[in-house]
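As C-alpha cells, the structure follows; a few thoughts come after it.
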Amino acid sequence: MTESMTITRTRRESREEPRPAAGEAEGTQEERALRLRLGALRELIGLSRTRLDDTALAEAARVLDEAAARDKLPRTYTAVAIAGATGTGKSTLFNALAGAQLSETGVRRPTTATAVSCTWEAGREQNPDGLLERLGVPARARRRAHVLDPGLRGLILLDLPDYDSVDPSHREQVDRLLGLVDAVIWVVDPEKYADTLLHERYLRAFAGHADVSLVVLNQTDRLPVEAVDVVLDDLRRLLDEGGVALGEHGEPGAGVLAVSALTGDGVAELRGTVGELAAARTAAARRLAADVDGVARRLGPLYIADGAEAPAGLTPGARETFEDRLAAAVGASAAGQAAERGWLRRADRACGTPWAQVTRWLAGRQAERRGEPPALATRRLRAAGTPAVATAVVEHAVRLLSDEAADGLPEPWGRAVRDTARQGAERLPEALERALEKQPAEPLPRPRWWSVAAIGQAVLLAAELLGFCWLLAAVLGQPVVGRWLPLVLLVGGSFGGPLLAWACRIAARGPAGAYGQQEEWRLRRIAADAGHSHVLESIAAELLRYREVRERYVVAASPTGAAEFTSMSPLSPLATMSSMSALSPSVG
C-alpha cells in the first residue's frame with residue numbers, strides 16, 4: 001500500500017510540468033513536447049530511485065534542474081556562446097558581431113580569462129540579468145550592444161575562454177558554460193579545424209546538439225580563395241565522421257560557415273543566422289530537448305532490454321507451474337493418495353466381515369508382543385497429519401519463477417524481481433507450515449451406508465452361526481426342523497459376508513477417490529495462497545513498477561513526447577490488470 005501511494009504521489013508530482021514564465025504564451029509545439037518529456041523524465045527518476053544507483057540518475061537529475069532553472073527565465077533571450085581554441089580569433093569574431101571592441105584581443109595567450117557577454121535587449125520589460133546571473137557572467141564583463149540591430153534582439157552573445165587554455169580554471173569555465181547556454185558557435189581556423197581535442201572532447205560530445213550549433217571556419221583571409229571550399233569540405237567530412245549531423249538541404253543539423261572576422265567576409269551571413277536563431281526563441285527548448293535525448297540514450301539499457309518487445313513477465317503458465325511446484329513441496333499429491341487409502345481402510349473396517357476384524361485385532365496384539373507401538377494399527381487408519389514442507393523444493397520453485405519473470409528485463413529490474421522473490425522465498429516455508437497447522441484436515445466422514453453394511457454383516461454372521469449350530473445339533477442326533485435350511489443359513493452366511501465386504505469395497509472407491517482429491521486440492525489451495533501473498537504479489541508489483549517506468553521512459557525518449565508503447569504487450573495495462581486479478585488461487 002505504501003509503495004502504491006509513493007508511485008501515485010510521484011506521478012502526480014512529476015506531472016506538475018514547468019509552466020511558462022509570467023506574461024508568456026504557452027509556447028510552440030516543440031516546447032509543449034519538451035514539457036511532456038521533462039515531466040515523464042521527472043516521474044521516471046522518482047520511480048527508479050529505489051531500483052537504480054544514484055550515479056545512473058545524476059545526469060537526468062541535472063538536466064531536470066537546468067530545465068527548471070531555465071524555465072523561470074524569459075524565453076525572449078537566447079544565450080549563444082562562442083567557443084574555440086587559442087588563436088582561432090574568437091574574440092575578434094565576437095567584436096565583429098557586436099560591432100564594437102568589447103572583448104580584449106591580442107597576441108598574448110590566453111587573451112580571454114573570463115566570459116564576456118554582449119546583450120541586445122529584447123525590450124524594456126524584459127530583463128536579461130537573471131539569465132546572466134545563471135550563466136555566472138560577472139557584472140564587469142557584461143556589455144550592451146552599441147549598435148541596436150533589430151535582427152539580433154533578444155541575443156546574449158558570450159565570448160568564452162579558450163577550451164585548450166593552459167589555465168585549468170579557464171577550461172572549467174568553458175565546460176560549465178557549455179552546459180548552460182542555449183546554442184554554441186564553434187570557431188576553428190585553417191590550422192586547427194582538425195584538432196583532435198576539439199572533435200573528440202567537444203564536437204563528438206555535442207553531436208546530439210547539432211541543431212543548436214554552428215561551426216565557423218574563421219581567418220579565411222589566410223587561405224587562397226580556391227582553398228576555402230577545400231577546407232570547408234574537409235571540415236564537413238570530419239564532422240560527419242564524428243557523428244555531427246549537418247544542416248544541409250533544409251534538414252536540421254549544425255551549420256557550417258566560412259568567415260573572416262578581420263576583413264568582415266561572411267560576418268553578415270553569420271549575423272543573420274544567429275539573428276534567426278534568436279528570433280525563433282526556440283533554441284533553449286531545442287537545447288534542453290537535445291539534453292533529454294542524450295540522457296534517454298544513456299539510460300536506455302537500464303529501461304529497455306535488447307529486444308524491442310516488452311518481456312513476457314508473469315504469465316499464467318508460469319503461475320500455474322509455480323503452484324504445481326508448491327503443491328509438490330507440501331506433498332499435496334501424496335497426501336491425497338494417503339487420504340484415499342485411509343478412506344478405503346476405514347470402509348473395509350466398517351463394512352468388512354467380523355472374522356476379518358478379529359484377524360486384524362489379533363494382528364495388533366501380536367504387533368504389541370513384538371514391541372511395536374500399541375496404537376500402530378489405529379494410526380494407520382487415521383488420516384495423515386500435517387505434511388512437512390520441503391524447503392529445498394520451495395526455494396527451487398521460487399528461483400525458477402523469478403528467473404522466468406525476469407527474463408527479458410533490463411539488468412536492474414531483473415535483479416529487483418529476483419531480490420523480491422528471494423525475500424519471499426525466505427519466509428514462504430514457515431508461512432506454509434503455519435497455514436497447514438491452522439487448517440488441519442477435516443475429520444473423516446462416516447457414510448450412513450457403512451452402518452447399513454455393518455448391520456448386514458451382523459445379520460449374515462448370525463445366520464452363519466445359527467446354521468452352524470443347527471447342523472451341529474442335527475449331527476449330534478438332536479431333532480431339528482428341516483434338513484436344508486441349516487445348510488442354506490451356514491453357506492449363505494459364510495459366503496454372504498465376504499461378498500458384501502467386496503461389494504462395499506467396490507462402492508467405496510468412488511467416494512475414496514473424491515475424498516483424496518478434495519484433500520489434495522485443499523493442500524494445493526493452502527500452498528497457492530501462501531505463494532501468492534509472499535511471492536507472486538511482490539513479483540507482480542515489481543513488474544507493474546517496471547511497466548510504469550518503461551512507459552515513462554518511452555515518453556521521455558520520444559521527440560514528440562508521445563507514449564509509443566505497445567498496448568498489446570504482455571506488460572501492457574490490460575495484461576497487467578489481468579495478471580493481478582488472476583492472483584487468486586486457480587485450484588479447486
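Three principal axis extents describe the C-alpha atoms of segment 237-355; from largest down they are 128, 30, 22 Å.
A protection proxy built from the mean count of other Cβ atoms within 10 Å ranks the segments 320-327, 212-219, 47-54, 393-400, most packed first, as 212-219, 320-327, 393-400, 47-54.
How much length would be gained if the chain were fully extended between V452 and A100, taking 0.36 nm per residue of separation minus their Cα-Cα distance, in nm to one decimal?
Numbers: separation 352, 0.36 × 352 = 126.72 nm, distance 12.02 nm.
Gain on stretching V452 to A100: 114.7 nm.
Note on L262/R49: beta-carbon distance plugged into 1/(1 + (r/R0)^6) with R0 of 35 Å gives a FRET efficiency of 0.05.
For R204 and E248, the FRET efficiency from 1/(1 + (r/R0)^6), where r spans their Cβ atoms and R0 equals 30 Å, is about 0.95. Given a Förster radius of 60 Å and the C-beta distance between A356 and A392 as r, what FRET efficiency does 1/(1 + (r/R0)^6) yield to the nearest 0.05? Calculated value: 0.90.
The trypsin sites (Lys or Arg not before Pro) of segment 480-561 that meet both conditions, a loop assignment by DSSP and at most 15 other Cβ atoms within 10 Å of the site Cβ, are R483. Placing a label point 7 Å from the Cα of R505 along the Cα-to-Cβ direction, the residues of segment 336-359 with a backbone N closer than 11 Å are 345, 348-349, 352-353. Between amide H atoms placed 1.01 Å from N, distances below 5 Å from A254 occur with A245, L246, G247, all of them 5 or more places distant or on a separate chain.
Read-outs: derived from the displayed coordinates by stated rules, not from any lab. Keep in mind that this is a model prediction, so the values were computed, not measured. Here the Cβ is made from the backbone with ideal geometry for all residues, glycine too, and neighbour counts use every protein chain on show.
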